[in-house]
There are 2 protein chains.
Amino acid sequence: MALIVQKYGGTSVGTVERIQAVAERVARFRERGDQVVVVVSAMSGETNRLIELANGVHDNPPAREMDVLVSTGEQVTIALLSMALQKLNVGARSYTGGQVAIRTDNTHSKARIEEIDDRKMRADLDAGRVCVVAGFQGIDQDGNITTLGRGGSDTTAVALAAALKADECQIYTDVDGVYTTDPRVVDTARRLDSITFEEMLEMASLGSKVLQIRSVEFAGKYNVPLRVLSSFQEGPGTLITVDDEVDMEKPVISGIAFTRDEAKITVRGAPDTPGIAFKILGPVSDANIEVDMIVQNVGADGATDFTFTVHRNDFAKAKEALKQAAEELGNPEIIGDDKIAKISLVGVGMRSHAGVASKMFQTLAAEGVNITMISTSEIKVSVVVAEKYLELAVRALHQAFELDQPAA
Amino acid sequence: MALIVQKYGGTSVGTVERIQAVAERVARFRERGDQVVVVVSAMSGETNRLIELANGVHDNPPAREMDVLVSTGEQVTIALLSMALQKLNVGARSYTGGQVAIRTDNTHSKARIEEIDDRKMRADLDAGRVCVVAGFQGIDQDGNITTLGRGGSDTTAVALAAALKADECQIYTDVDGVYTTDPRVVDTARRLDSITFEEMLEMASLGSKVLQIRSVEFAGKYNVPLRVLSSFQEGPGTLITVDDEVDMEKPVISGIAFTRDEAKITVRGAPDTPGIAFKILGPVSDANIEVDMIVQNVGADGATDFTFTVHRNDFAKAKEALKQAAEELGNPEIIGDDKIAKISLVGVGMRSHAGVASKMFQTLAAEGVNITMISTSEIKVSVVVAEKYLELAVRALHQAFELDQPAA
């Protein structure tokens, strides 16, 4: 018997039939004696329907009322799932975020959880009932409804698991786990049985959108065992674990993440003076553009080449911001490229293995792939290449690091 | 400057455009300095959509979860109306029943209001904000969401008006007031400037479905001035007043109510023994059938004729129930008629005027309308006639009692 928190996203509860399928799955866990808390999102499409209604009455809907509006989406799902469970003779009770209560700060539309009162849930679990909790929402100390922002249902699930000291937090989604890389690009991509929180964070922030980053951070911080599973097929999924000791058996890298939606901008021949980085990135940041990789090379002549990447959608805006600041920079040449892709090797094993980067560069060189930017962290090596080489490069790296082979 | 509680039903907030129209109306009250609390229902169609979803997962959805589900309907409306008000630069804040808080007992789907906390509303009104409150819903003492039952938004409005000691509770609907009778039957039917609570109760229970009976009772009990107005056109509507003294200027009757959806059953020649009424009505009541009018005539031979009316939908069921009890009644003849209509004259003026009943009978006789049942109360005279005479009878009575003439 275990205490399990399960989270089902919008697609998993998108129709009455799917809600019934979720109820049947929960019932199986109850049958084998587990205590279950279920966190659900709004039925797919519902949140967008509500946002459209809001846009019909206000071009910039006030955040407090927006939270009152969109929080109804999950409230509908909790009621329906509780009904479906009771139809299967499984005792169940639904709770809105405010009823649990999930206490947050008052930052409407992106509130942070401050405190969870687990008394009602404890009473239900002790009485053999399933608790069905609305994800994504909470209540501030004045009783206002808040939301945690899109995807916040994962965070709710992890927070409840932490508060209840659950044995496992299971995130049901439309994929059956975390893969060594995108199976659509590499057909020998393999589901990982486990991955560390740190690796998952790097994978998630690089476009493996299985889990919301915040929920992974949260799970790592509170030491909640997290498992990603498919709500449409059976299987063990991928367990996300704490990297409490260096496992010598662990492969050097766990996965390859990549993203196509970046663009790079190079400021060429700016004066190599203190503060030049701020002078370049200040205007970009002022334009509310997030910068990802940053690389600076000092040339021989006292000038510097400064390159950074931004989201492809911000490419034009970033170039415009720099153009306006050009005079202050001594009118350097500003060049850009939005046909780039970023590829990252991720693995905590890197810490104890030298040579990951050089093997990566060697592999890419052997395929004739030119690297235009490099950035490294403790558990990640990222390179920027021309977008046209993306698939070729990912497949070559996947094979070179033997990711298609099961871990020893 | 007055404190006004306004209630808008589902049709009045059925689309984004109508919600904007409500916001504009509320804004006009704010402009002239009134403090306004608005109670809204779910957008028309929304409650039925939610009920259908519930029926998809459970053939008899548990009441607690049904309340969680359907209460989202009003929650959507309060958010949208608050946004629409703010778009017009009118300060506004939305509240669910639980947030206000409207404390009820725990009878899900037909809860009764026990207590209202007016502190949040007072603070908003003092700060110049409009409070937009979800109708029809509340919260029990354990924090469970409850609903007051269909049409409960009227009750919410009256209860808030009582708690806030509002100057007026305005119920906006799709008719512009209470009429002397149905204008579709009598084209000279006239809107009443005022009507007493007692009269309104008799009119409402007889099929003039302008207001929910419970809200009228509530308003009478707490002495809340209630006004029925149209949300689609301007006008003073009808004020529902306390009948604190007999007004000699008041016309004898205020209106004519009628209903077609009744049927009558006669038990002919049952033994005139003590307990015969119970023996006849017991089986009917056991079958969960509500009985409306009851008339008993004692014949000369120690047998009695006993007639009662039921809703037309219960006609067959009531006859069946009696048939099963027939032996105990001495196998009397049981005859029925479901082609009947009930017509009632309603007016507190009857109390001080004799002869209303006889004038009514005379008028009907002059038109050749046969009366088959009569029942009277202090402010009402009801007759049952063949359904085919309904329009003729109502028009004749409307003219005979000069209801088409404005009150003196």
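Looking across segment A:4-22, the residues that are closer than 22 Å to A:Gly152 by Cβ and either away from chain B (no Cβ under 14 Å) or of a type in the set (Val, Ile, Thr) (or both) come down to A:Ile4, A:Val5, A:Gln6, A:Lys7, A:Tyr8, A:Gly9, A:Gly10, A:Thr11, A:Ser12, A:Val13, A:Ile19, A:Val22. Evaluating A:Arg93 against the criteria (1) at pLDDT 95 or above; (2) at positive phi leaves one unmet condition, (2). The sole residue among B:Val158, B:Val100 that is among the aliphatic types (A, V, I, L, M) and more than 10 Å from chain A (Cβ to nearest Cβ) is B:Val158. Answer with yes or no whether A:Asp140 is modelled with pLDDT under 95 and not hydrophobic (A, V, I, L, M, F, W, C). It is false that A:Asp140 is modelled with pLDDT under 95 and not hydrophobic (A, V, I, L, M, F, W, C). Going by the conditions given, is B:Lys342 under 24 Å from B:Ile195 (Cβ atoms) and among the charged types (D, E, K, R)? For B:Lys342, the condition - under 24 Å from B:Ile195 (Cβ atoms) and among the charged types (D, E, K, R) - is met. Tell me which residues, restricted to segment B:154-190, are under 16 Å from B:Val216 (Cβ atoms) and of a type in the set (Val, Ile, Thr). Of everything in segment B:154-190, those that are under 16 Å from B:Val216 (Cβ atoms) and of a type in the set (Val, Ile, Thr) turn out to be B:Thr155, B:Thr156, B:Val158, B:Ile171, B:Thr173, B:Val175, B:Val178.
Scanning segment A:204-254 for residues that are at pLDDT below 85 and not β-branched (Val, Ile, Thr) yields a total of 20. Looking across B:Gln75, B:Gln86, one residue alone is touching a Pro at 6+ places or on another chain (Cβ under 7 Å), on the phi < 0 side of the Ramachandran plot and not basic (Lys, Arg). It is B:Gln86.
One line per residue, one yes/no per condition, for (1) closer than 16 Å to B:Val348 by Cβ; (2) assigned to a strand (DSSP E or B):
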residue	(1), (2)
B:Tyr172	no, yes
B:Ala189	no, no
B:Glu198	yes, no
B:Leu201	yes, no
B:Arg214	no, no
B:Asn223	no, no
B:Arg227	no, yes
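Considering only residues that are within 7 Å of chain B (Cβ to nearest Cβ) and in a helix (DSSP H, G or I), look in segment A:84-94 and name the one that is surrounded by the fewest Cβ atoms within 10 Å (Cβ to Cβ). The qualifying residue surrounded by the fewest Cβ atoms within 10 Å (Cβ to Cβ) is A:Lys87. Inspect segment B:113-126 for any residue being buried (at least 18 other Cβ atoms within 10 Å of the Cβ) and at positive phi and give the result as yes or no. The answer is no, given that none of the residues of segment B:113-126 is buried (at least 18 other Cβ atoms within 10 Å of the Cβ) and at positive phi. Looking only at residues in segment A:146-190 that are modelled with pLDDT of 90 or more and of a type in the set (D, E, K, R), which one is nearest to A:Asp105 (Cα to Cα)? For segment A:146-190, the residue satisfying everything is A:Asp154.
Please determine whether any residue of segment B:285-297 is assigned to a helix (DSSP H, G or I), at pLDDT 85 or above, in the same structural domain as B:Val381 (by TED's automatic domain parsing) and farther than 22 Å from B:Asp261 by Cβ. Please lay out each step first, then the result.
So in segment B:285-297, the residues assigned to a helix (DSSP H, G or I) come out as B:285-286.
Of the ones still in play, those that are also at pLDDT 85 or above are B:285-286.
Subsequent filtering for residues that are in the same structural domain as B:Val381 (by TED's automatic domain parsing) retains B:285-286.
Of the ones still in play, those that are also farther than 22 Å from B:Asp261 by Cβ are B:286.
Yes; the residues of segment B:285-297 include at least one that is assigned to a helix (DSSP H, G or I), at pLDDT 85 or above, in the same structural domain as B:Val381 (by TED's automatic domain parsing) and farther than 22 Å from B:Asp261 by Cβ.
Take the conditions (1) surrounded by fewer than 21 Cβ atoms within 10 Å (Cβ to Cβ); (2) outside any loop (DSSP other than H, G, I, E, B); (3) within 14 Å of another protein chain (Cβ to nearest Cβ); A:Leu81 misses just one of them, which is (1). Quickly run through segment B:67-78 and pick out the residues that are in contact with a helix residue (DSSP H, G or I) (Cβ under 6 Å, 6 or more places away or on another chain) and within 7 Å of another protein chain (Cβ to nearest Cβ). Across segment B:67-78, the qualifying residues are B:Val68, B:Leu69, B:Thr72, B:Gln75, B:Val76.
Given the structure, is B:Leu53 surrounded by 19 or more Cβ atoms within 10 Å (Cβ to Cβ), within 18 Å of B:Lys7 (Cα to Cα) and either more than 27 Å from the chain's Cα centre (by Cα) or more than 8 Å from every other protein chain (Cβ to nearest Cβ) (or both)? The answer is no for B:Leu53. A single member of B:Gly128, B:Gly135 is closer than 22 Å to A:Ile145 by Cα and either over 26 Å from the mean Cα position of the chain (by Cα) or aromatic (Phe, Trp, Tyr) (or both), and it is B:Gly128. Scanning segment A:340-376 for residues that are free of Cβ contacts under 8 Å to residues at least 60 places away in the same chain, under 26 Å from the mean Cα position of the chain (by Cα) and assigned to a strand (DSSP E or B) returns a single hit, A:Thr376. The residues in segment B:217-233 that are within 16 Å of the chain's Cα centre (by Cα) and in contact (Cβ under 8 Å) with a residue 12 or more places away in the chain can be counted, and the count is 8. Among strands (runs of 3 or more DSSP E) entirely within segment A:95-154, having at least 2 residues that are farther than 20 Å from A:Asp34 by Cα singles out A:102-104, A:113-116, A:137-139, A:145-147. The set of residues from segment A:389-408 being polar (S, T, N, Q) and assigned to a helix (DSSP H, G or I) comprises just one member, A:Gln399. Selection over segment B:33-70 of residues that are touching a residue at least 12 places away in the same chain (Cβ under 8 Å) and either outside any helix (DSSP H, G or I) or under 22 Å from A:Thr15 (Cβ atoms) (or both) gives a count of 23.
Applying the selection to segment B:306-319, what residues are part of a helix (DSSP H, G or I) and either of a type in the set (Phe, Trp, Tyr) or without any contact (Cβ under 8 Å) to a residue 24 or more places away in the chain (or both)?
B:Phe315, B:Ala316
Residues of segment A:71-91 that are more than 27 Å from the chain's Cα centre (by Cα) and either touching a residue at least 60 places away in the same chain (Cβ under 8 Å) or outside the structural domain of A:Val132 (by TED's automatic domain parsing) (or both): A:Leu80, A:Ala84, A:Leu85, A:Lys87, A:Leu88, A:Val90.
Just a yes or no: is a residue in segment A:23-35 under 21 Å from B:His58 (Cβ atoms), facing chain B (nearest Cβ under 9 Å) and in contact with a helix residue (DSSP H, G or I) (Cβ under 9 Å, 6 or more places away or on another chain)? Yes, segment A:23-35 contains a residue that is under 21 Å from B:His58 (Cβ atoms), facing chain B (nearest Cβ under 9 Å) and in contact with a helix residue (DSSP H, G or I) (Cβ under 9 Å, 6 or more places away or on another chain).
The values are calculated or read from the model by the stated rules, or taken from the named source; none is laboratory data. It should be emphasised that the depicted structure is a prediction, and the values quoted were computed from it without experimental measurement. Every residue, glycine as well, gets a Cβ built from its backbone with ideal geometry; the counts of neighbours run over all protein chains shown.
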